Each structure stands twice: as C-alpha cells, then as structure tokens.
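Undergrad: Below are the structure tokens for one structure; questions will follow.
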Protein chains: 2
Amino acid sequence: MTLKIIPLGGLGEIGKNMMAFEYEQDIIVIDAGILFPEEDMLGIDFVIPDISYLIENKDKIRAILITHGHEDHTGALPFILKDLQVPVYAPRLAHGLITVKLKEHKQLNESKLHSIQPGTKIKLGKLTVEFFRVSHSIPDAMGIAIHTPLGPVIHTGDFKIDHTPVDNHSVDYIRLGQLSSEGVFLLLSDSTYAEVPGYTPSEKVVGETLKRVIGEADGRVIVATFASLISRIQQIIDAAILNNRKVAIVGRSMINNVKMTMEMNYLHANESIFINPTDLENLPDNRVVIITTGSQGEPTSALVRMAKTEQKDVQIKSGDTVIVSATPIPGNEKLVSRTIDNLYRLGAKVYYHRNESVHVHGHGSQEDLKLMLNLTKPKFFVPVHGEHRHLIAHASLAQATGIPKQNTFVLENGDVLELNKESGNVTGNVPGGRVYVDGGRVWKMHNDILRERKSISKDGFLVVVLPYNVKTGKISPHPKLISRGFIDSIQANKLYPKAYEVIYQTLEETRKLNQKRGQTNTSVKNALIKFFYKETGRSPVILPVNSEA
Amino acid sequence: MTLKIIPLGGLGEIGKNMMAFEYEQDIIVIDAGILFPEEDMLGIDFVIPDISYLIENKDKIRAILITHGHEDHTGALPFILKDLQVPVYAPRLAHGLITVKLKEHKQLNESKLHSIQPGTKIKLGKLTVEFFRVSHSIPDAMGIAIHTPLGPVIHTGDFKIDHTPVDNHSVDYIRLGQLSSEGVFLLLSDSTYAEVPGYTPSEKVVGETLKRVIGEADGRVIVATFASLISRIQQIIDAAILNNRKVAIVGRSMINNVKMTMEMNYLHANESIFINPTDLENLPDNRVVIITTGSQGEPTSALVRMAKTEQKDVQIKSGDTVIVSATPIPGNEKLVSRTIDNLYRLGAKVYYHRNESVHVHGHGSQEDLKLMLNLTKPKFFVPVHGEHRHLIAHASLAQATGIPKQNTFVLENGDVLELNKESGNVTGNVPGGRVYVDGGRVWKMHNDILRERKSISKDGFLVVVLPYNVKTGKISPHPKLISRGFIDSIQANKLYPKAYEVIYQTLEETRKLNQKRGQTNTSVKNALIKFFYKETGRSPVILPVNSEA
C-alpha cells in the first residue's frame, strides 16, 4: 500500500507545472501549466509538461485539479486535454480563465470542466480531495488536501502568508489545523522563496505606497502591473478614488481581466469611476490614473509602447508619474530597465522596485514556510515549486522544524517517490522533461532543430547550389551562392566573385581526382569555409546542394 | 573658452567605456573598453565605442588615459589604436594587462604605452593630467584629475569607498581635498550603484566569511571568483593558510592572473602554499582549497565543467564545499543558478550570494557617492558609468548635496556638453553608438545582418532551388528543397513530397499566366509559405534561388 508522488514537467522548477499522485488504481493530477522558453530555445512559444506517463495510465486518471488561475498552472490544458479526456476541477476564477482559453482553442464543448468552492469534498476513486484557501497574487488561490488511506496529504499550491489580505481571504489556518490533528502524512509546499529570510510583506503595504505616490503626483499617474494581480488593481482603483481621480484601463489583457473580474465580483468599483482612454484629454492631468500592462517590459505591451510614444491613447509626457508595480522576473531585467530609462527620457517621474515599495510577491519567505511546516506537522515532506537549490533550502528549513532528514525528499521532475506508512524511496523514473510548443503545436524531440537554429543564428548560413548533369552525373560549372545573416550586400559583391573563383578551382581539382558528387560537395564546402573564415573571420553554416541541370 | 565633455560608446551605460574631453586644440580620451553583446545581438563577439569623432579630430588627441585594468575600460585598445596612434597612459597593473592584450594582437611594437604612478603629472597640450588612487575591485584603480584653465576636472573612474581595503589603498582623500580647495570645476562620478541606499561594505567583510566557511568545511573547498579580483584571491589564499590548507589554481585566466600578479607583487603568498591541481589527490580533502573561474556560470569555465564532472583535474563530489564568490551580472542569473543547482546535485554544500556574505561589489552606494560629492564640492556635475536611470538617481543625490539643478547634466552617449565658467549646454551630437566586433573584426552598419540572423533563428530557413534553362529562360520542373532549423528529417520526409507537388502546381499556373522568372519565384515562395504554415504552424525564411540548367 504505497502512495506514489511524481513531479512532472517544468523547466528547472520541480513539480511547478504539474504533479501526479497515484494510489493503487487511482491517479490525481494537480495543475497543468506552461513555462516560457529559455533564451537558447530559439523560436519556441512555450514549454509544457511531458505527459507520456499519464497517457500510458490514462484509465487510472480520475481528475486534474487546478490550484489557481495563473498560466504556469493552467496554460497546458488546451494541449493535454486532447489526450486526456478527464474531469478538471478548478476554483471559480481559474474556471473562468480556463473557460476563455478552451474557447479560444475550440475545446470547451469536449471538456469536463467544473468550478469548485473551498471545502467541497470530491471522491475520486479511493481518494477524496478538498480545496482550502491560501493567499497568493491572484484571487481564489487554493491548496489541496488529498485524503488517502495513509492519512491526509497537503499540497499548498503557490501561497503566501498575508494576515491583512486585500480580498479578505487568508490561508485557511483552521482547516489546516483540523487536518493536522488527524496527523498529516505528507506536506508538499511552495519553495519559490525558500532562499529569502524573514516574512513576505502583506499586499496592503503596496496600497500605502500607491495612496502616497498618487496623492503627491501633480500630473497623470500611470501604473503598470500584472493583469492577473487583481488585488493590486483593486488597490490602485481605491487609491485613485481616495485622490479624486478617474481610472482608465489600457492594454488588451488588462481590459479583459478587469471586465471579467468586475462581472465575477472579484473586483469592486463603481462603474462611474472608469473613463475611456480616448476621453482622457477631457480631464485635467491630475484627475487621472491609468492602469496598464507592461510591468515586465514586454516589447508589445502598452507601457512599452507608451514609453516609445507609439501607444495610440496614451503617450508619456513630462509631468507624468509612472509606477512600475512589479519586480522583473529573472530574464526580463534588461527589458524592464530599458523601459524605465525610456520613461525617464520622456520626462516622467518613475517609481519602481529599486526606489519605492511598489511590489510585494505572492510566495512565502522562510518564516512563512516554517509556519506552514509547524501548522501541518507532517510525517513526510516534499518541497515543490522551485529550482533544485530552492528545494534544498526548503528541505533544510523543514529539518530545522524537526522533520527527520530521511523523511524529507528533494525530487527531480520524473522521479517516482513511493511512500508507505514508515518510509519513502525514489523507486523509478518516468519521462519528466520538457515538451515544446512551436507554431502553436506540440513537438517532441526538438533538440536537433534547436541546435540548427542556434548554429545558423551565430554567423548565418550560405547555400552553394552546384548543378549537376543528370546524364553524366558531373557537376557543371555554374554554381550559385545565397546567404542570410552572414555578410551585407556590399561585402557580398566584393567577396562572391572571389568565392566563385575558389569554387571553380576546387571543381577543377576534384575533376582531376575523379571525385564523386558527395566528395565534390564536401571539397567545395571546405574550400569555402576556409576562404570565408580568412576573409571575414566568420564561420557560417555552409550547405552545398545539387540541382539537376 | 569652453570645455567639451563627450561620452562615447557603451551599451545603455553612458560614458562607461570611453569619454573625450576637448579644450581648444587638445583632446584627452579616458578609457577604451568593450561591452559584451545583448541577447538580441546574435553572433556578435562584443561591442566597442564609435570613434568616428576621434578619427576626424585625430590631430588634436594628446593621449588615451586608462583608469584601471578591467576589460570594459581597456578591451577596445587593440581595435582603436590602429586608427589612433596616440600615447596610452595606464596604471602599472592595467599596463601589464594591456601589454598582454596588445601582444596577442601583434600590436605592441607600434603602440606608445606608458605605465604611470599616482601623483605624476603629465602635460598634454594646454591641459595637465594626474592620476589619483581609488578603491575598486582590481588593484591599481585610479581616478583622473585634469587641470584646465577653467579649474580642476575630476573623473572618479570606477570606485568604491573602502576604509579597510585589502591592498591598503583607499581613495586618496587628501589629494581630493587639495584639489577641492582649488575649487573643483567639474566632477564626473561613477553611477553604477546610485540606486542603492547606504554604504558599500568593505572587501574585508568577505574575508571574514571565507575564513569561517573554510574553517568549518570538512572536505575540499572550491572558491570561484573573477580572475581580476586580486584582493579576493588574496583573501582566499590568506584564509587557506589560516586553516592549514594548500591552494591549487584551476582555470586558464585564473592561472595567468595569479602568475602575473605574483610577479608584479600585487598578490602576496609564499610559493610553497601552492600545489599543482594534478597533485590534489596526494593531500587529504580537508587540506585543500581550489581557486577557480566560473562565478558567472560561463559555459566553458572551470567551475561549470567541474559541476558537469567534465573538468580534468577537479570533479565535484559529495563532501565538497563550493563558494561562488560573486553576484550574477544582469543577464547571467540563469547560468549561475543552473551551475549552483548542478553543484548541489553532486552533493556539494554551496555558498552563494543568496545564503552567505560571499561578495561585495566594487562601486560606491548612495552614501559613498554623497561623500565624493561633498569632498570635491564641484561647480558642475556629470554622472557617468551607468544607465539613464542610474544617472538620474545620481543627479538627484548631487542636488541633495547642494549642487544646483542647472549645473547637473545627465548626458547620452554622443552628446557634446560645452561648459564655460558660468554655465553649460548640450550643443551638439557626435556618433556615440555601438560598433560591433564579429569574427574578431570591427563591423559597422550591422543591423541588417542582425535582423536576418534573428529571423532565421526563429523558425529556420528553407531554400528552394528552381533551375532554369539558360536558352529558354524558363524554369525547369526539377526543384530542390533544403532547410535548417525548420523541421526534422521525419517531418521533412513526410512534407517535402507534398511541397514538391505544391511547387509543380504553382509552376504550372505561372506558365499559364506567362509569368517572368522573378514573378515565378515569388509565386513559388508564397505558395510554400502558405503550405508550410498550414502544415506546421511555422514560418521559416523561404528563399527561392535559380540555378542554371
């Protein structure tokens, strides 16, 4: 009688995008998210988990449970539901977001999507699950308790401890305490900020900054943040009202999210507070707050276009105050910096994470994580949602709270951890790697193509067409060169005539040596590599191709 | 009678790699550095300043003055000295490093390179310059005072305030005080950390950590840091000696730098403390410290190879302690994180900037910058060495210390600031952009090629060879497809036969329409774009080429 825990997918982060729990004939999957590609995955749209193990064990899967509505927990659904036609349970807001996504992919009708409330118990084979509230940077974030014959298993989902949350929903300490009194068998907990000492501040801290900065501003105030950070948007609206300003929403995803969360009652504001961006000029600058996207410096986002004076409704001008209410996600630092520089250049005052308390994050820090450990007092502990070093840091926090080292498991994606009443062991591996989505489609085994993209991106490529006579099988002396990303036309006009000479000479030599077509191609290629390296210092990918003459 | 200040080159950072000072018939250049390319500059080795203005005014240039030996202040010399045969003055250690570099480029004989001591005055036309000591993350770092008819101009170079420096060289406060008493006309000061509140800690802080962590380690200790951070290397050696351990140096640049700085007397250690990496196995693990490169996660560095167990002398094993004594430079975060994860996976204990005080940086923070401002009390102030927002932050620090706003100038690269006794104005612009080095050679006007590299890196390319009959001018029906970075061979085997059908069909249509060769090529290209987008969701760069049949 063992419980299997299998983190699946993710790019460096373990169990972030998907986890499987298997007990005898039942499998439960938690989350189904995407990750954005790393810098060396040229041309890749995003990365999804490898679900081969789940496809193999399709009949056992009882449900996919979604913890909250962020893309890194929901975004893979349109790609995996084709292969796994299983029920999906999600909190109300996540349910709304997933509905939109599945509609876009024309998959809503086939899918079995259910909205759940915290506290509702769902029987899934021999397992029963229930969702409980946590605080995170999107409303309706939940953790999941799985009632197993071995005892309750608690998966925190992404969470922070916020004692003064903007939406009034804290972590459900009471339910966790009750579960704890049953004797928690296993805790899986968010490790994203396990390296950060202390406590994560409350979302309310940002509200104070917003009120003050908007209160002090003489002109327009433009606030950029994540479109899914509904509590932040609520606080910006509240600060605007307090300062007798109207609110305009700019940026497609911000407009969509504000509309939907107003309708679903997650965002609270009187309709009359909003004005259309096109009507901004009818109000004095100091009566306006603009909420927009682009806090990560995304090249096509509204804030970035404002900072380049390319946005149709709002262009930054001297006297504006811009608040970038976010911190750059690793990899986005330069995009964000460039945007801030451009805003300054246009004369704006800019408040950002380096010079003001404009953001708090949605994950617990070390003291918060210790609280979760002490509240649940689990027998076994598996740190999840983090890269290897974060899990290591979280495991050592767990050990500090008294969990024995041998009951703490730092896993890799694809590891199969088997737990029985007494102990646990990694007993095997399933495919837990990355699967790419490119051109909107799922592609496995992409590594050769990525290698090719990388090599042609370095010095470009050069195709040399060598026509050959079908009758004689000989290569005729009418070669043709074509390149991209290698040299400019001025250089080409200078070098190509010389390169043709090199080819003629090489063809002459190969004829003397009576070389076959393949050998001739290689000889020409090598001669060109040498010639162009000498002339330009570059090594483009050189491809000979024979056309029939 | 005006002094012109012209920041040149740099990538986002202003005046970092090069600045020009022009007074009547004399130009002095400070620094000549390189920058590493940004992620969208595919295949570029590095970026150097645009010196067109200097080439135009060659006769006026009296000297290039180097503040210290880091590559971002010296690395462009081999590329610009070909065009500007002017004397170069550099502090002793920088002189040594530049000598090595120019020798590699076979340019040492033609160059007029001089080593200077702090305090020595050099008359350069109507201007006189002198170097004064500052603290920075490499020994022999200097600021420069330029004595002009308008008063002394002070350029700090890169600096920090370190009251307990490892090499016993603080900023020369006394000389700065003397200059201040003459009435400083203009201060140009390092803005790299102008956003950071408080004081930058002394290099000695890291020494305490090193002593403690090495003292507590049971096995081998491997410390990775910058090869140019000689004070850090000194402190690692000192901590090794204190703990009765021998020192092995691994990594080409680390070996070279240790050797050179031992010979030049910047690094102090008894030869007997060192052992050869190949002899490591003859010593117990707890008698060994290994100093190495790779603190930025550079893919070919020694630490990264150790973490992949690919390094020939040292492979990480359980029981090792690794200290990554650096913070990741923006853009390197992921490389560093992956390296730390791999070290943990091999069973090492890892200390890095998130969990231990393993690094301090070499630039002054806000309170340090205020000290420099108050020590020099300049009439005019130009923040340099930073991106736009850093200069803005530094300018507001200057205004807080009492410098009038109209006497503070935030410049862009290429701006010409003209200062007279009373006031200053940006009066013009010279080329201040970036020049690329690719394949070891200088290339201007690279943007088209970079755009091509970017587009082929996204979805690869496809060349379609369409032979044509020279006599009839008609395209013959023997097309040929060749691609890279687009689809794999399995896909190609499936799709190419269909694509040939598409080509035949299109050729048939173009024949009916009596299309010319150029039109036919375009028709084929468009048909293939459509076909492959439908089949794969991808849009490779498609290039038709006609070969003679």
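Every number here is computed from the coordinates shown, using simple stated rules; none is lab data. A quick note: this is a predicted structure, and the numbers were derived from the prediction, not measured. All Cβ positions, glycine included, derive from the backbone under ideal geometry; neighbour counts span all protein chains shown.
Undergrad: What is the mean number of Cβ atoms from other protein chains located within 10 Å of the Cβ atom of each residue in peptide B:38-47, rounded to a whole number?
TA: 3
Undergrad: For residue B:484, which sequence-distant residues (separation of 5 or more, or a different chain) have an amide H within less than 5 Å of its own amide H, given hydrogens modelled in the peptide plane?
TA: B:461
Undergrad: Could you size up the charge dipole of the protein assembly as shown around its Cα centre, putting +1 on the beta carbon of Lys and Arg and -1 on that of Asp and Glu, and report it in debye to the nearest 20?
TA: Dipole about the Cα centre, nearest 20: 3180 debye.
Undergrad: Right, next: Would you list which lysines come within 27 Å of residue A:379, measuring only between C-alpha atoms, while excluding same-chain residues fewer than 8 positions from it?
TA: Within the straight-line limit of under 27 Å, residue A:379 reaches these lysines: A:4, A:16, A:60, A:121, A:123, A:126, A:160, A:370, A:405, A:421, B:349.
Undergrad: Same structure again: Let's test the formula: R0 of 25 Å, r as the Cβ-Cβ distance of residue B:106 and residue A:488. What FRET efficiency results, to the nearest 0.05?
TA: 0.35
Undergrad: Turning to a different aspect of this structure: Quick one: work out the % antiparallel among DSSP beta bridges in chain A, nearest 5.
TA: Counting DSSP beta bridges with both partners in chain A, the antiparallel share is about 55 percent.
Undergrad: Another question, then. For a test of the definition: using alpha carbon positions, the gyration tensor, and the 1.5 limit on a/c, classify segment A:204-351 as rounded, prolate or oblate.
TA: Taking the square roots of the gyration eigenvalues as a ≥ b ≥ c, segment A:204-351 is rounded.
Undergrad: Given Cα positions, please report Rg to Rh for segment A:139-188, the hydrodynamic radius being the Kirkwood one.
TA: Result for segment A:139-188 is an Rg/Rh of 1.01.
Undergrad: Sticking with this structure for a sec: Per residue of chain A, what 222 nm ellipticity follows from adding -39500 (n - 2.57) for every DSSP H run with n ≥ 4, rounded to the nearest 500?
TA: Per the formula, -9500 deg cm²/dmol.
Undergrad: Here is a further query. Within the protein assembly as shown, what percent of beta bridges assigned by DSSP are antiparallel, to the nearest 5?
TA: Rounded to the nearest five, the antiparallel share is 55 percent.
Undergrad: Now for a different question. Calculate, for residue B:2 and residue A:39, the FRET efficiency according to 1/(1 + (r/R0)^6) with r their C-beta to C-beta distance and R0 41 Å; round to the nearest 0.05.
TA: FRET efficiency, residue B:2 to residue A:39: 0.35.
Undergrad: While we're here: Distance from a point 7 Å along Cα→Cβ of residue B:259 to each backbone N in segment B:63-102: keep the residues under 15 Å and list them by number.
TA: B:97, B:100-101
Undergrad: Follow-up. Between residue A:420 and residue A:181, what FRET efficiency follows from the Cβ-Cβ distance if R0 is 22 Å, with the result rounded to 0.05?
TA: 0.45
Undergrad: While we're looking at this one, here's another question. Using modelled amide H (1.01 Å from N, peptide plane; none on Pro or chain starts), what sits under 5 Å from the amide H of residue A:296, excluding residues fewer than 5 places away?
TA: Long-range HN contacts for residue A:296: none found.
Undergrad: Would you mind checking the radius of gyration and Dmax of segment B:460-545 based on alpha-carbon positions, in Å?
TA: Spelled out, the Cα radius of gyration and Dmax of segment B:460-545 are 12.6, 39 Å.
Undergrad: Same structure, new question: Between residue B:429 and residue B:252, what is the label-to-label distance in nm when each label sits 7 Å out along the Cα-to-Cβ direction?
TA: My value for the distance between the label points is 4.1 nm.
Undergrad: Please list the non-local residues whose amide H lies under 5 Å from the amide H of residue A:365, H modeled 1.01 Å from N, same-chain partners needing a gap of 5 or more.
TA: A:161, A:200
Undergrad: Follow-up question, since we're still on this one. Can you tell me how much longer the chain between residue B:355 and residue B:300 gets when fully stretched, taken as 0.36 nm per residue apart minus their C-alpha distance, in nm with one decimal?
TA: 17.3 nm
Undergrad: Where in segment A:37-53 does the amide nitrogen come within less than 19 Å of the point 7 Å from the Cα of residue B:329, taken along Cα to Cβ?
TA: What the label zone holds, given the 19 Å backbone N cut-off, is A:39-40.
Undergrad: Show which lysines lie in cross-link reach of residue A:106 when reach means a straight Cα distance below 18 angstrom and same-chain residues fewer than eight apart are skipped.
TA: In chain and number order, the partners are A:82, B:534.
Undergrad: Further, regarding this structure: So for segment A:390-549: antiparallel DSSP bridges make up what percent, rounded to the nearest 5?
TA: Here the antiparallel bridges make up roughly 70 percent for segment A:390-549.
Undergrad: Still on this structure: Figure the gain on full extension for residue B:441 and residue B:514 (residue separation times 0.36 nm, minus the Cα-Cα span) and round it to one decimal in nm.
TA: Separation in residues times 0.36 nm, less the Cα-Cα distance, equals 21.6 nm.
Undergrad: Which one of B:32, B:537, A:115 has its Cα pushed farthest toward the positive end of the charge dipole of the protein assembly as shown, where Lys and Arg give +1 and Asp and Glu give -1 at the Cβ?
TA: Of the options given, the answer is B:537.
Undergrad: Also, I was wondering about something else. Count, for each residue of A:490-501, the Cβ atoms from other chains sitting within 10 Å of its Cβ, then give me the mean as a whole number.
TA: 0
Undergrad: Can I ask one more? Can you give the average number of partner chain beta-carbon atoms within 10 Å of each beta-carbon in peptide B:477-486, as a whole number?
TA: That works out to 5 on average.
Undergrad: Cα gyration tensor of the protein assembly as shown, axes a ≥ b ≥ c as square roots of the eigenvalues: rounded (a/c below 1.5), prolate (a/b > b/c) or oblate?
TA: rounded
Undergrad: Which order do B:320, A:162 fall in if you start with the one that has the fewest other Cβ atoms within 10 Å?
TA: Exposure proxy ranking, most exposed first: B:320, A:162.
Undergrad: Quick check: Cα centre of segment B:60-77 to Cα centre of segment A:190-268, how many Å?
TA: 47 Å
Undergrad: Tell me, what HN-Hα J-couplings in whole Hz come from the Karplus equation 6.51 cos²θ - 1.76 cosθ + 1.60 at θ = phi - 60° for each residue of segment A:145-151, using x for Gly and Pro?
TA: With the stated coefficients, segment A:145-151 comes to 9, 10, 7, 10, x, 8, x Hz.
Undergrad: A further question follows. How tilted is helix A:204-216 with respect to the longest principal axis of chain A? Cα atoms for both, answer in degrees (0 to 90, nearest 10).
TA: Helix A:204-216 sits roughly 80 degrees off the main axis of chain A.
Undergrad: Let me ask something additional. How do the peptides A:516-526, B:266-276 rank, highest first, by the average count of neighbouring beta carbon atoms within 10 Å per residue?
TA: The packing order, highest mean first, is A:516-526, B:266-276.
Undergrad: At 7 Å along the Cα-to-beta-carbon direction for both residue B:283 and residue B:244, put a label point, then send me their distance in nm to one decimal.
TA: Each label point lies 7 Å from its Cα, and together they span 1.3 nm.
Undergrad: At 7 Å along Cα-to-Cβ for each site, give me the label-to-label distance between residue A:123 and residue B:163 in nm.
TA: Those two pseudo-labels are separated by 7.3 nm.
Undergrad: Please label the shape of chain B as rounded, prolate or oblate, based on the square roots a ≥ b ≥ c of the eigenvalues of the alpha-carbon gyration tensor (a/c under 1.5 means rounded; beyond that, a/b larger than b/c means prolate, else oblate).
TA: It comes out oblate by the Cα gyration axes.
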